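Asks: Pasting a structure here, questions to come.
FYI, it's all coordinate maths here, none of it is from the lab. What you see is a predicted model; the values in this text were computed from it and never measured. Note that each Cβ is placed from the backbone with ideal geometry, even for glycine, and that neighbours are counted across all protein chains shown.
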Amino acid sequence: MRTLTSSLTALALAGTFVAVFAASSCAGDDELEDRVPPGTGGYDPGDGGLNGSSSSTGTGTGGEGGNGPPQCDDALKLCAHLFTYPDGGETSVEVRGDFAPGAWVSGVPMTKQGSEWSATVDIPYNREVLYKLFVNGTTWLLDPNNPNTVTDPGGNQNSLLAATTCDPWTCGGGLIGDFDWRDAVLYFVFVDRFFDGNPANNATTPGVQPPADYRGGDWAGLLQKINDGYFTELGVNALWLSVPMDNTEASGIGVGGDSHQYSAYHAYWPKVLDQTEEHFGSMADLQGVVDAAHTQGIKVILDYAMNHVHVTAPIYQQHMNDGWFWPLNDGQVQNCVCGSGCSWDGPQGKRCWFTDYLPDFNFTNQAARDYSVNNALWWIQQTGIDGFRLDAVKHIEDQWLLDLRARVTAEVESQTLQHFYMVGETFTGDVGLINYYVDPFTKLDGQFDFPLRMKLAASVLMRKGTMMDLESFMDSNDNAYGAGIMSTFIGNHDIPRAIHLAQDTPLWNDEWAGGKDLAWNNTPSLPAGVNAFERLNNAYTILFTTKGVPLIYYGDEVAMPGAGDPDNRRMMQWSGYSTGQTRVLDHLKKLTQIRKDHVALRRGTRQTLSITAETYAYRMSKDADMVVVVVNRSDAQQSVGDLPSGALTDILNGGSVSGPIVTVPARSARILTQ
């Protein structure tokens, strides 16, 4: 796996990564800026798969169960669409857009017949398409036959083709491989806090208190847990690991009003980009983790932080004055720190420094962008990983993502014959902004669904509003990201542990709360009783019975306590579980097995059967597979109607019930089959 091809050999030369493709393989930076609408363009060193050239399964006749290839899911279907343009003496006209990889640079040529140019283009099934016409090899035009336009976050106006379904359709093989990422259950291994397998690489940082310093977790410890079968028993088949590259040995002041000193234990302060973090282990250790995971059928994705480096990084020292990095002070804005001298959002959000010790890459500079993308490819080649979790996506230039996806498609997937999954982090409630980066052909396969997490926390854990509010949001969210394979979650490393929102009296009134007020002093302990744990189980029930890649943040499988950073990153608890913790662990193991057994829960469509202020019942169905989920968030038993009639098997709790009305105990759920 790690030896993909000679084109992916180690590329480090004198601290700089050289491009795999010769300059003649694609347009130069200046030329691309002239030819590609900023914020929407990209280049593809390969053939781009235009006009369904990657299609391998022929033509079908509509939906699942039709005469078409039954293995072709909606995400892979293509619809033929006719584009036309009135002849005005042009020498050439192309359709360019986001309908296929590389199609912003090398589009589909139109053919002139009489007084009209025309071209039939395969566009994604049931997904909006942004496009423009490229005329005479020089000029970008909106489609005069289409009044619908949209302006992207970069201010570029494009023609908008509404989501279209078709019958017949063509099955395009754009997402290759024998693993469907909709079948994944993802576990975030926060490496330093997971398990210490090699005390020899432990260290402490002067002036840093233990909660914000290295605690000993490493790849040797992770390897031990993989080999022990921990993840297999839990039902996990994909791991997300902390950023693997070498970090600074220096400490830094925390952000968000935090005056404490922190080390780089979290791995987000990169220093030497082509070396491993020595406190985690060697490259051989990381390779051993990936190999062991693959042996057990577990995929591995690495966290990749591309936005910045630490001020001590050699690459910053070498290029701090030549345009590779945005200046902290540029004569117009002094102290351009995100949320301080500069905004987190808009154009300033692309160039602001997260802190004054984390210089921000300028990815409008092609040399800097090539260096970073080449480094990302180098990590793939060295480790044989299956994907990336990409940090802080909205803070980098779109072209970085476009370049990486094109290179991965051409250089990695063509060798492995497996799709390389890329999921991004855009910490926002703005569904449109999150969706902007979701396109499995040109950008990201999906992102972490923060809006869903917050709604789920508010409705199920904190009991705000009604369950009708949750249902309404989920209905609107179902198709918000098109063919994207989003990751759903209830906990992660940037928010307080979910168990505290589920307490009888939540520790915070705002589901978006960062929890920093209790991160150092009066840190929370495990809730007493079982109520909070049962509410957490309800949230998990919804996550694991709806579409998306459900994420388990390390320790949440046993409902570990913790406020904001760094308290939400305590060392993993491996024993001494309370009754409530054991309930959560047992519940999750049941859910992962049920999800594995029923394709409807991973790829099906949801239909509401019954909704009240306190209960929510829905059917998940895919072909012949049908599962009914009933959730009661209240503190009293509830009767839920409008369910299928007759005998129903409760595959979550055991036993059977009789529909169409069933009782559901307080703070619990049923998962039913006929």
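Asks: If the cut-off is a Cα-Cα distance under 27 Å, which lysines reach Lys455, setting aside same-chain residues fewer than 8 apart in sequence?
Replies: In chain and number order, the partners are Lys394, Lys443, Lys464, Lys516, Lys547, Lys589, Lys590, Lys596, Lys622.
Asks: Still on this structure, I have one more. So, in Å, what gap is there between the alpha-carbon centers of the stretch 162-235 and the stretch 84-155?
Replies: Using only Cα atoms to place each centre, the spacing works out to 41 Å.
Asks: Considering the dipole of the chain built from charges on the beta carbon (Lys and Arg +1, Asp and Glu -1) around the Cα centre, which of Gly384, Asn492, Val150 is farthest to its positive end?
Replies: Among Gly384, Asn492, Val150, the one farthest towards the positive end of the dipole of the chain is Asn492.
Asks: Using Cα pairs closer than 8 Å and at least 6 residues apart in sequence, work out the relative contact order for the chain, in percent.
Replies: About 11 percent, as a whole number.
Asks: Separation of the stretch 555-575 and the stretch 501-529 by C-alpha centroid, Å?
Replies: 12
Asks: Give the dimensionless ratio obtained when the Cα radius of gyration of the chain is divided by 2.2 N^0.38 Å.
Replies: Taking the Cα Rg and dividing by 2.2 N^0.38 Å, one obtains 0.97.
Asks: For the chain, what does -39500 (n - 2.57) per DSSP helix run (n ≥ 4), summed and divided by total residues, give at 222 nm, in deg cm²/dmol to the nearest 500?
Replies: Taking each H run of at least 4 residues, the total per residue is -5500 deg cm²/dmol.
Asks: If amide hydrogens are placed 1.01 Å from N in the peptide plane, which non-local residues have theirs closer than 5 Å to the one on Lys464?
Replies: Residues meeting the amide H criterion: Ser459.
Asks: Okay, moving on. Against the 2.2 N^0.38 Å scaling, with N counting residues, where does the stretch 301-454 land? I'd like the Cα-based Rg ratio to two decimal places.
Replies: Output field value: 1.06.
Asks: Once Lys and Arg get +1 and Asp and Glu get -1 on their Cβ, which of Cys336, Ala513, Ile661 lies farthest toward the positive end of the dipole of the chain?
Replies: Ile661
Asks: Treating only the Cβ of Lys, Arg, Asp and Glu as charged (+1, +1, -1, -1), what charge dipole size does the chain show about its Cα centre? Round to the nearest 20 debye.
Replies: Computed charge dipole of the chain: roughly 1640 debye.
Asks: Between Val255 and Val333, what is the label-to-label distance in nm when each label sits 7 Å out along the Cα-to-Cβ direction?
Replies: Result for the modelled spin labels: 1.3 nm.
Asks: How large is the charge dipole for the stretch 607-673, taken about the Cα centre, if only the Cβ atoms of Lys, Arg (+1) and Asp, Glu (-1) carry charge, to the nearest 20 debye?
Replies: About 80 debye.
Asks: Under 8 Å for C-alpha pairs, at least 6 residues apart: give me the relative contact order for the stretch 579-674, rounded to a whole percent.
Replies: Answer for the stretch 579-674 is 23 percent.
Asks: A further question on this structure: Hey, can you rank 531-542, 357-368, 146-157, 639-650 by average C-beta count inside 10 Å, highest first?
Replies: 531-542, 357-368, 639-650, 146-157
Asks: Go through Ala367, Leu141, Gln209 and say which Cα lies farthest out towards the positive end of the charge dipole of the chain; charges sit on Cβ, +1 for Lys and Arg, -1 for Asp and Glu.
Replies: Most positive-ward Cα: Gln209.
Asks: Right, here's the next one. At 37 °C and 0.692 mPa s, what whole-number value in µm²/s does Stokes-Einstein give for the translational diffusion of the stretch 607-673, with Rh from the Kirkwood sum over Cα pairs?
Replies: In µm²/s, the coefficient is 280.
Asks: Would you give the gap between the C-alpha center of the stretch 533-551 and the C-alpha center of the stretch 596-674, rounded to a whole Å?
Replies: If we compute the Cα centre of each part, the gap is 14 Å.
Asks: Highest mean first, how do 473-479, 460-466, 337-343 rank when packing is the count of other Cβ atoms within 10 Å averaged over residues?
Replies: Highest-to-lowest ranking by the protection proxy: 460-466, 337-343, 473-479.
Asks: Each residue of the stretch 573-586 in order: what ³J(HN,Hα) in whole Hz does its phi give by Karplus 6.51 cos²θ - 1.76 cosθ + 1.60, θ = phi - 60°, with x for Gly and Pro?
Replies: Computed from phi, the couplings for the stretch 573-586 are 8, 10, 7, x, 6, 6, 4, x, 4, 4, 4, 5, 4, 5 Hz.
Asks: Dipole size in debye (nearest 20) for the stretch 409-492 around its Cα centre, Lys and Arg Cβ +1, Asp and Glu Cβ -1?
Replies: Dipole size: approximately 380 debye.
Asks: Quote the Stokes-Einstein diffusion coefficient, in whole µm² s⁻¹, for the stretch 105-189, based on the Kirkwood radius over alpha carbon pairs, a temperature of 37 °C and a viscosity of 0.692 mPa s.
Replies: 202
Asks: In a solvent-free Debye calculation with one equal scatterer on each Cα, what is log10 I(q)/I(0) for the stretch 526-674 at q = 0.13 Å⁻¹, listed in the order of the q values?
Replies: -0.60
Asks: Give the peptides 617-628, 303-314, 272-283 in descending order of average Cβ contacts within 10 Å, highest first.
Replies: Ranking, from highest mean packing down: 303-314, 272-283, 617-628.
Asks: Same structure, new question: Quick one: length gained pulling Asp623 to Met454 fully straight, 0.36 nm per residue minus the C-alpha distance?
Replies: Roughly 57.7 nm would be gained on extension.
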